[in-house]
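Read the structure below first, then the notes.
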Amino acid sequence: FLDAVNLGIIVPPEYYWIEVKLDKEISFNDFKNNIIISKKYENILNYIDILLGKLVTQKGIFWSQTITNVKNWKDIFDEAKNSIKKYPNISKFKFFITHSKTSNLENNKDNKVSELDKFMAYNHPAILLAVEQAKEGFDDPRVNIVGNLEPVKERSAHKSQQQTGRALRLFKNK
């Protein structure tokens, strides 16, 4: 790993850990109606907003464990986009969702292009919200932030390495 960084094959990673204790996945309505929950999410959104402001390439991937959770996060981010003064960086991003029911054209017959393909083709600030997609074998060198938006008790080292690797590809000015 360090050899690859020193040889200029990959960029050196920066790690940030945001831990919030929640008992379960939270729905968007829970977020809107529960002050304690929304305060916890506000802290996460504030931190994510700061990190998005540091991005060179303006592309990222956030994973979650379930389709419900990733949809809830999209609703939360869309709500945050309406608060330009509070979340100036989040408000610049478009959010795409990909999961087993949207990720390929066979399962997405209504659309000619999958959400993953739309994300790849989009040349403006964008975040891909994914469930078990874009982890291994995915290569968009413009991605320079990855994260997990899920309740996790423990994560395997291999899975973390695979996910982190999505953001280490070389790209102009990265």
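The values are calculated or read from the model by the stated rules, or taken from the named source; none is laboratory data. Quick caveat, the model's predicted, so the values are computed rather than measured. Cβ atoms come from the backbone with ideal geometry, glycine included; neighbour counts cover every protein chain shown. All accessible areas refer to the heavy atoms of the entire protein, side chains included, with ligands and DNA or RNA removed. Shrake-Rupley method; radii C 1.70, N 1.55, O 1.52, S 1.80 Å.
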Give me the residue from region 139-161 that is more than 14 Å from the chain's Cα centre (by Cα) and closer than 17 Å to LYS59 by Cα and, out of that set, modelled with the highest pLDDT. PRO141
With respect to ILE84, is the statement that it is open to solvent by less than 20 Å² (accessible area, probe 1.4 Å), at pLDDT 90 or above, over 16 Å from ALA130 (Cα atoms) and not aromatic (Phe, Trp, Tyr) true? no
From the options PHE77, PHE95, residue that is part of a strand (DSSP E or B), within 18 Å of TYR41 (Cα to Cα) and modelled with pLDDT of 85 or more: PHE95
Within the set of pairs 6+ apart or on separate chains, which have a first residue in region 72-98 that is farther than 13 Å from LEU52 by Cα, a second that is among the polar types (S, T, N, Q) and open to solvent by less than 70 Å² (accessible area, probe 1.4 Å), and C-beta atoms under 6 Å apart? ASN72/SER27; ILE84/SER91; THR98/GLN133
